[in-house]
Amino acid sequence: MVLEMKDIPKSSSKNQIAIFILFLLSLLFFMLVKFFPFREGKTTYNEMLNASKIMLNAMEIIKECRGEKGILINREIDPNQTGLIGTKFSSITTSIGSLEAKRTTTNPNFAGLIVFLLKEAGIKNRDTIAVGASGSFPALILAVLSASKVLNLKTLIIFSIGASQWGANNPNFNLFDIFNCFFKKGTFITKPIAISIGGEKDTGVNMGPENRDLIIKKIKEKGIYFINESDLRRNVNIRMNLYKKSAGKSEIKAFINIGGNWANIGEDPEILKLKPGIVGIKKSPSIEKRGVIHEMAYNQIPVIHLLYIKGLVEKYGLPWDPVPLPKPGEGEIYQIVKIKQPSFLVITGIYLLFIILILIFRNKLNLIKIK
């Protein structure tokens, strides 16, 4: 059977016009997304980028302080030479930890992620936030401080000295020393409102007694409130009261949990199912098992949970255990901020509406004809 040219189906000129209109519409949408200066996204993008640059600079300060103390960086476990990776075991190590997870958090773009999460939680410039942290993820603390500096936030932080493997678990350069370093160098002006030992029952009973006593002495010498309470309910109440008192007339607009401090996460095993990022806690455990996370959620305060690092980077498009570290501004999170902004969503909605209208009218007018 031989087909002649007249037997080949041809699209009508009207159908070609419809296709041409769709092409022009798609091209216009692409140009708008690519080049239109969305105000909301541009502001957030710049804040994220600036926070990442601050974090990168803070890591350089850490390296200086470590050098001044004569603590060398082991390139085998810290190939990016951040100075934020601790040791496998020490007298202040509280639990096992993932080396890859600790290295992943040293990416300076985590500071950009924190800005993004704070904005998603409704935080505005000069708001007040509360932070509860263990020494397990010192890089995440840097990320939060960097984001807070860019957004001019009043940051109320309570941290514990104990740390899991590879965190700030070097007895000679623990989280207390890191904060002293920053304050001395003028990198951050945020001081902790209280400190605890951490570890089992938040009192460090599973740590070496000599280092534990030395740390307590340093805390008291600095005049910082020392939390030493093994009863969970009383410990949580102390923390909540300290946050409230330190906030003064300001409202606490968000709570960030970093790591797995006993008082912050409580004793309910369901806490381990919490996904990273902004979390919703619909049901609180019994009062004797509640941690600060539950109390904040109960009081309708948004909670940002930073513990399951693998899930966090997969969700927001940051690399796992990168070598070398990405530069500030690199990562899918900077594209996510664009598609999250209202103006982008409006334009996307208009684009889809036009596509639907063209398809509807094309069918009604029988623009596609096979001859």
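Before moving on, here are some points about what is shown:
- Under 14 Å from the Cα of Lys69 - aspartates and glutamates, other chains or at least 8 residues apart: Asp177
- Fraction of C-alpha pairs exceeding 33 angstrom in the stretch 39-336: 15 percent, rounded to a whole number.
- Amide hydrogen proximity for Asn170: with H placed 1.01 Å from N in the peptide plane, the residues at 5 or more positions away or on another chain lying under 5 Å are Thr87.
- Ignoring aspartates and glutamates fewer than eight residues from Lys124 along the same chain, the ones with Cα atoms less than 20 angstrom from its Cα are Glu40, Glu47, Glu251.
- Neighbour-count ranking [beta-carbon atoms within 10 angstrom, fewest first] of Asp177, Asp268: Asp268, Asp177
- For Met240 and Asn180, the difference between the fully extended length at 0.36 nm per residue and the C-alpha to C-alpha distance is 19.2 nm.
- Charge context of Ala147, other residues only, Cβ under 14 angstrom, K/R +1, D/E -1: +4
- Amide H contacts of Gly198 (H built 1.01 Å from N, under 5 Å, at least 5 apart or other chain): Ile161, Gly162, Thr203, Gly204
- Computed FRET value (nearest 0.05) for Ile96 with Asn74, which takes r as the C-beta separation and R₀ as 22 Å: 0.70
- When the Cα positions of Ile287, Thr104, Asn241 are compared along the charge dipole of the stretch 39-336, Asn241 comes out farthest toward the positive end, with charges on each C-beta of Lys, Arg, Asp and Glu.
- Exposure proxy ranking, count of Cβ atoms within 10 Å, fewest first, for Val150, Val144, Val279: Val279, Val150, Val144
- Histogram of C-alpha separations across the stretch 153-262, 10 Å bin width, %: 13, 46, 35, 6, 0
- Fewest-first ranking of Glu100, Glu295, using other Cβ atoms within 10 Å as the exposure measure: Glu100, Glu295
- Cross-link reach list, aspartates and glutamates versus Lys315, counting only Cα pairs under 16 Å and skipping chain neighbours closer than eight places: Glu120, Glu330, Glu332
- Long pairs among Lys184/Lys218; Lys244/Lys283; Lys63/Lys218; Lys53/Lys253; Lys119/Lys283, criterion Cα-Cα beyond 18 Å: Lys244/Lys283; Lys63/Lys218; Lys53/Lys253; Lys119/Lys283
- The stretch 39-336, dipole about Cα centre (Lys/Arg Cβ +1, Asp/Glu Cβ -1), debye to the nearest 20: 780
- Counted residue by residue at 0.36 nm each, then reduced by the alpha carbon distance between them, the extension gain from Lys315 to Lys218 reaches 31.0 nm.
- Dividing the convex hull volume of the alpha carbon atoms of the stretch 190-319 by its residue count gives 138 Å³ per residue.
Read-outs throughout are calculated quantities, based only on the coordinates presented, and are distinct from any laboratory measurement. The shown structure was predicted, so the numbers you read here are calculated from the model rather than taken from an experiment. Every residue, glycine among them, receives a Cβ derived from its backbone with ideal geometry; neighbour counts consider all protein chains shown.
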